[in-house]
Every structure is written in structure tokens, then in C-alpha cells.
Amino acid sequence: MLVTMICDWAVEHKGECLNLLVTSNNHAAIRFYEKLGFVMTGRTEPYPNDPKLIENEMVLNLRK
């Protein structure tokens, strides 16, 4: 519900997309965001708290 509220707020304020970073080993979060329509962008970066982990960028297009 919180993500939906954020999406609604962003649309009302003329936002075009939402971006987030999720660690590659957090499969539950990745599935959750995919169900909401987020897709992987292919951009990655080391996780600041543990450089052995990778963060994947996901994006949700708000202009459908």
C-alpha cells in the first residue's frame, strides 16, 4: 500500500518514473517489486554496507 501511495503521489506531481536499488540476493523484494511493475534496468553497483553484494536498479514507468 505504501508503494502504491508513493506512485500516486509521484504521478500527481508529474513524475515520470520511480527508481530503486535492491540487493541481488533479496529475491523476495525483487519479486515484490516486479509484481508492482518494476523492471531491472541492467545497472548495478556494489552494496555500500557489503561490497561483496550487488545492488540492482529497478524502474517503474509512471507514464503508461
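The values are calculated or read from the model by the stated rules, or taken from the named source; none is laboratory data. Since this is a predicted model, take the numbers as computed values, not measurements. Methodologically, a virtual Cβ is constructed for each residue, glycine included, from the backbone with ideal geometry; neighbour enumeration extends over all protein chains shown.
Looking at the stretch 1-49 only, could you name the residues that are in a helix (DSSP H, G or I) and aliphatic (A, V, I, L, M)?
Residues of the stretch 1-49 that are in a helix (DSSP H, G or I), as a first pass: 2-12, 27-35.
Residues satisfying the conditions are LEU2, VAL3, MET5, ILE6, ALA10, VAL11, ALA28, ALA29, ILE30.
Test HIS13 against the criterion of being exposed (fewer than 12 other Cβ atoms within 10 Å of the Cβ) and at pLDDT 95 or above, and give yes or no. Before the answer, list the steps.
On the way: exposed (fewer than 12 other Cβ atoms within 10 Å of the Cβ): yes; at pLDDT 95 or above: no.
Criteria not met by HIS13.
With the requirement that a residue be among the charged types (D, E, K, R), more than 14 Å from ILE30 (Cα to Cα) and part of a strand (DSSP E or B), what does the stretch 50-64 give you? Steps first, answer last, please.
Taking the stretch 50-64 and keeping what is among the charged types (D, E, K, R), we get 50, 52, 55, 57, 63-64.
Applying the additional criterion that residues be more than 14 Å from ILE30 (Cα to Cα) yields 50, 52, 63-64.
Scanning the stretch 50-64 gives ASP50, LYS52.
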With the first residue restricted to the stretch 1-27 and required to be under 23 Å from ASN49 (Cβ atoms), and the second required to be polar (S, T, N, Q) and at pLDDT 95 or above, Cβ contacts under 6 Å at 6 or more apart or on different chains are VAL22/ASN56; SER24/ASN56
